[in-house]
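As structure tokens, the structure follows; a few thoughts come after it.
Taken together, the values in this text are just the output of simple stated rules run on the coordinates, not laboratory data. Quantities reported herein were computed from a predicted structural model and do not represent experimental measurements. Note that each Cβ is placed from the backbone with ideal geometry, even for glycine, and that neighbours are counted across all protein chains shown.
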Amino acid sequence: MGTSLQLADRLVPGANLEAYVQAAARIPVLTVEEERELGERLYYDGDVDAARSLVLSHLRFVIHIARSYSGYGLAQADLIQEGNVGLMKAVKRYNPEYGVRLVSFAVHWIKAEIHEFILRNWRIVKVATTKSQRKLFFNLRSQKKRLGWLSHDELNAVASDLGVEPKVVREMEGRLASHDTSFDGPMDDDDDNAYQAPAYYLEDHRSDPARQLEQSDWTDDSNGRLMEALTELDERSQDILRERWLTDSKSTLHELADKYGVSAERIRQLEKNAMKKIRSRMTEAA
């Protein structure tokens, strides 16, 4: 086993995938007794060499699992690499006292890392974010029997199998069928098609200096006309508007009624008349 381990140790999936697969295939599969001995050395003594042997002897299983995800358009070497990360996490958590073979224990961790990698890289925008959406994403891809849209009967059958509402399946199917779009559009695009690029209809005008100056001038002018209109009101009306609209802790009608010794309805009328005068004055100024 030593020569094979050294050969596999010098290779990584991305450097020479075929050589890596061949090297992993030459590493002998552990017997039950060997696996248990290595597991006990790692679990009780923290033996790093035992962990290394457990990982290397199971590389072939990671390759087998990673190949089942070849239909997602991602590099096989990357899938294997992510699966190896899951295998190492499983080895770290493996307890030989459970009486379960490492490969059975590790399959969950291997698939979990591969799934997360696919969801991060399959689209620029994540197609699934919640746990239920992740499950639906992989199950729906495996259950679709053709490239077209699911029929009504197929949709209901998939929803029933997965235990979700049909509309949830239809939404995920739409996400699966969508494609990433370049924000700026192709460089060689002609003028007739260039307008279709999102950059032309999703522009952010907040940083446009001309718009910022226009907004600033409009704000200053509106504030100036408001202050001018306020000064034309009597002192009581000014105070009512300030207390009702221009302070952080606004006064109620009843509080102002107590302050001026009138009814709350009278305060409401004064407020309404003052607001009417201000609107009229600002309209004239505009």
Task: Backbone HN-Hα couplings from phi across the stretch 57-73 [Karplus 6.51/-1.76/1.60, Hz, Gly and Pro as x] - done: 6, 10, 4, 4, 6, 5, 4, 4, 5, 4, 5, 6, 10, 6, x, 9, x
- [ ] Give the peptides 85-96, 260-271 in descending order of average Cβ contacts within 10 Å, highest first.
- [x] 85-96, 260-271
TODO: Estimate the FRET efficiency between Thr231 and Ala210 by the formula 1/(1 + (r/R0)^6), using the beta-carbon distance for r and 30 Å for R0, to the nearest 0.05.
DONE: 0.40
Open item on the list: Along the Cα→Cβ direction, 7 angstrom out, place labels at Asn16 and Ala77. What is the inter-label distance in nm?
Closed with: 1.2 nm
Open item on the list: Can you tell me the length gained on complete extension of the stretch Val48 to Glu171, counting 0.36 nm per residue apart and subtracting the Cα distance?
Closed with: 39.6 nm
TODO: Quickly work out the Arg279-to-Ala25 label distance, labels modelled 7 Å from Cα along the C-beta direction, and quote it in nm with one decimal.
DONE: 8.3 nm
